[in-house]
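Following: one structure in structure tokens, then a few remarks.
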Amino acid sequence: MSKEQMTIRLYPETRRQMDSWLEESNSKNRNEFVEKALRFYMGYLGTENITEYLSDALVATPVSYTHLRA
């Protein structure tokens, strides 16, 4: 399936935050990050039992939180 090109506008701080999460999210680039974020959010919106969805999503997504340490 081929992708469609689309333009989005982000606040500079949103773009900086996204860039800081690229490596931790195992995303190769901004496009992949946005694709993952949209799929996650759409899955969240489409789930009646949010707790079940979030539990499954968190278990399936390896993420490092070491950058959050003070």
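Annotation: of all residues in segment 20-32 being among the polar types (S, T, N, Q) and assigned to a loop (DSSP other than H, G, I, E, B), the one that is least open to solvent (accessible area, probe 1.4 Å) is Ser27.
Yes/no per residue for (1) hydroxyl-bearing (Ser, Thr, Tyr); (2) modelled with pLDDT of 95 or more; (3) open to solvent by 80 Å² or more (accessible area, probe 1.4 Å):
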| site | (1), (2), (3) |
| --- | --- |
| Lys3 | no, no, yes |
| Met6 | no, no, yes |
| Thr14 | yes, yes, no |
| Met18 | no, yes, no |
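Under the condition of being loosely packed, with under 10 Cβ neighbours inside 10 Å, assigned to a loop (DSSP other than H, G, I, E, B) and either at pLDDT 85 or above or polar (S, T, N, Q) (or both), the residues counted in segment 35-57 number 1.
The values are calculated or read from the model by the stated rules, or taken from the named source; none is laboratory data. Fair warning: this is a prediction, and the values are worked out from it, not measured in the lab. Please note: Cβ atoms are built from the backbone with ideal geometry, for glycine as well, and neighbour counts cover all protein chains shown. We work out accessible area using only protein heavy atoms, side chains counted, and drop any ligands, DNA or RNA first. Shrake-Rupley method; radii C 1.70, N 1.55, O 1.52, S 1.80 Å.
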